[in-house]
Amino acid sequence: MSITIKNLSKSYGDQVIYENFNLVLEKNKITGILGPSGSGKSTLLNLCCGLTNPDKGTIEGVNFQSISYIFQEPRLLPWRTVRENLRFVMKQKAIKKPGLDEDRINGMLQLVGLETVGEFYPQELSGGMRQRVSIARAFLYPSELLLMDEPFSSLDCALKNKLMDDFLEIWKNDQRTVVFVSHNRDEIERLSQVILTFSDKPVKILDREENLIDRPRMVCPIDPD
Ligand SMILES: Nc1ncnc2c1ncn2[C@@H]1O[C@H](COP(=O)(O)OP(=O)(O)OP(=O)(O)O)[C@@H](O)[C@H]1O
């Protein structure tokens, strides 16, 4: 089901962020959002997942039990190992086959190149490795909607490319509705099938681009093995 935002209004004090705002986020597509700093992009993600309530209007089509969020900073549980962090989100939904879940964790660790650090704690990993765990965690949780708020912005170029490829590789096999916010047009173009450009607040959609060049596209070739 698509997500339909209807007549949404949201203000913080006298700052009007959204006023009668309408948007449809298409099911199982990656929608990228560009816009000026402070315009209200993160607020939209927070409204979509219920962290913030609208003053007026509705957001239809969101199952609040079924949302993953990847933040700029990986928010892993520091007292749990990588594997336990992944197991933890899977336990949020009833597990019927724990053996199968362990297989999925192992498969995901392999996919993001972290198979040797499953027993490490987050503080023993580099920032890029921690963000890879966040991506793995977001996909292991059986969410229908994945919200991503600048998840690659603190990473160097090579690592960012690798992580975006990891992300696309996972998404290709497990397509979900994704809303991806970034300041970086290259990142947005690389991942998104629909690109929205927001104005400053109160937000208007200045531009909507679809299916520009064979999106989403990979930069690094996929190893056939
Ligand atoms: N909980 C809050 N209380 C008060 N004001 C807030 C709150 N959250 C956000 N704002 C304000 O709402 C505006 C939009 O913030 P938001 O974080 O959504 O913007 P953004 O487009 O994601 O910005 P950036 O690109 O810099 O991350 C900003 O002016 C911000 O200060």
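We did not get these values from a lab; they are worked out from the coordinates using the rules stated. These figures come from a predicted structure and were not determined experimentally. When we count neighbours, we look across all protein chains shown, and the Cβ atoms used for this are built from the backbone with ideal geometry, even at glycine.
The label point for Glu84 and the one for Ser2, both projected 7 Å from the Cα toward the Cβ, are 4.4 nm apart.
Only helices enter the 222 nm calculation for the chain: every DSSP H run of n ≥ 4 contributes -39,500 (n - 2.57), and dividing by all residues gives -10000 deg cm²/dmol, rounded to 500.
Taking every alpha-carbon pair under 8 Å whose residues sit at least 6 apart, the stretch 33-141 reaches a relative contact order of 32 percent. Choose one answer from Leu47, Leu147, Leu23: the residue with the largest mean-square fluctuation in a GNM of the chain with alpha-carbon springs under 10 Å. Evaluated over the chain, the most mobile residue of the options is Leu23. When only Cα pairs under 8 Å and 6 or more residues apart are kept, what is the percent relative contact order across the chain? Reported relative contact order: 30 percent.
Once every Cα of the chain carries one equal point scatterer and solvent is ignored, give the base-10 log of I(q)/I(0) from the Debye formula at q = 0.08, 0.13, 0.15 Å⁻¹, two decimals. These q points yield log10 I(q)/I(0) values of -0.29, -0.77, -1.01. Backbone phi angles across the stretch 130-146, fed through the Karplus curve with coefficients 6.51, -1.76 and 1.60 (θ = phi - 60°), yield HN-Hα couplings of 4, 5, 5, 5, 4, 5, 4, 4, 4, 7, 6, 6, x, 8, 8, 10, 10 Hz in residue order; Gly and Pro are listed as x. Loop sites by DSSP among the trypsin sites (Lys or Arg not before Pro) of the chain, restricted to those with at most 16 other Cβ atoms within 10 angstrom, leave 97-203 as the longest stretch without any of them. Is the shape of the stretch 83-142 best called rounded, prolate or oblate, per the rule: a/c under 1.5 gives rounded, else a/b larger than b/c gives prolate, else oblate, with a ≥ b ≥ c the square roots of the Cα gyration tensor eigenvalues? Prolate shape, in that a/c is at least 1.5 and a/b is the bigger ratio. The alpha-carbon of Lys56 sits under 16 angstrom from the alpha-carbons of these aspartates and glutamates, leaving out residues fewer than 8 places away in its chain: Asp14, Glu19. So what is the relative contact order for the stretch 83-142, in percent, with contacts set as C-alpha pairs under 8 Å and at least six apart? With pairs under 8 Å counted, the relative contact order is 52 percent.
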